[in-house]
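Shown next, in C-alpha cells, is the structure this report addresses.
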Amino acid sequence: MKTRCISLMILFSLALASCGISQGDGQGEDLAPSVPLEPPSQEPLSIPVPDLPSQGDNTAMPATTPAAASLQNLIEKAKQDLVQRSNIQITQINLIETKAVVWRDASLGCPKPGIDYIRVETQGYIISLGAGGKTYNYHTDQVKRIVLCDE
C-alpha cells in the first residue's frame with residue numbers, strides 16, 4: 001500500500017512537471033506571444049434572434065418572454081428618439097429589422113472620437129427603422145441604452 005502511494009505521488013509529480021512552462025537556460029529566453037496583438041474590431045458578433053417581426057412589419061411584437069419585452073421596449077425607445085430628432089410622426093416609422101449582437105466594448109459599435117470605452121462584451125441589438133425613404137440604425141444594449149449610429 002505504501003509503495004502504491006509513493007508510486008502514484010511520483011507519477012503525479014511527473015505529470016505536473018510536464019505541464020509546466022520551460023524556463024530554458026536563463027540566457028534571456030523571450031516568452032512573448034508569437035502572435036501579434038491587434039486592437040479589437042468594432043464589428044459585433046451576430047447572434048440569431050428567434051421570432052422577430054419580418055421586414056416592414058409595423059405591428060407590436062408579442063412580449064412572451066422578458067427578452068422579447070425588453071427588445072420591444074428598446075424598439076419603442078428608438079422610435080421615440082427618432083420622433084424627437086426629426087419631424088417624422090411615429091406612425092410613419094417602420095421597423096425594418098432587428099438583429100441580436102454582442103458589442104466588443106461599451107461604445108455599442110458607435111465610438112465617438114476621443115472617448116475611451118470599457119472593453120467589455122455587451123449583448124444588445126441593431127434596430128433598423130425606416131421613415132421618409134431613409135434607414136436609421138440604432139445600436140442598443142439589452143436593457144436601456146440606445147444610440148443612433150450613423151455609419
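Derivation of every value follows stated rules applied to the coordinates shown; laboratory data play no part. What you are looking at is a predicted structure, and each value in this text was computed from that prediction instead of being measured. No Cβ is skipped: glycine too gets one built from the backbone with ideal geometry, and neighbour counts run over all protein chains shown.
At a glance:
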read-out: Residues of type lysines that Lys144 reaches as a straight line, Cα spacing below 22 Å, ignoring anything fewer than 8 places off in the same chain; value: Lys77, Lys79, Lys99, Lys112
read-out: Förster radius 25 Å - calculated FRET efficiency between Gln89 and Lys144, Cβ distance, rounded to 0.05; value: 0.55
read-out: Dipole magnitude of the stretch 63-148 about its Cα centre (Cβ charges: Lys, Arg +1; Asp, Glu -1), debye to nearest 20; value: 140 debye
read-out: Separation of the Thr135 and Gln123 label points, Cα + 7 Å toward Cβ, nm; value: 2.6 nm
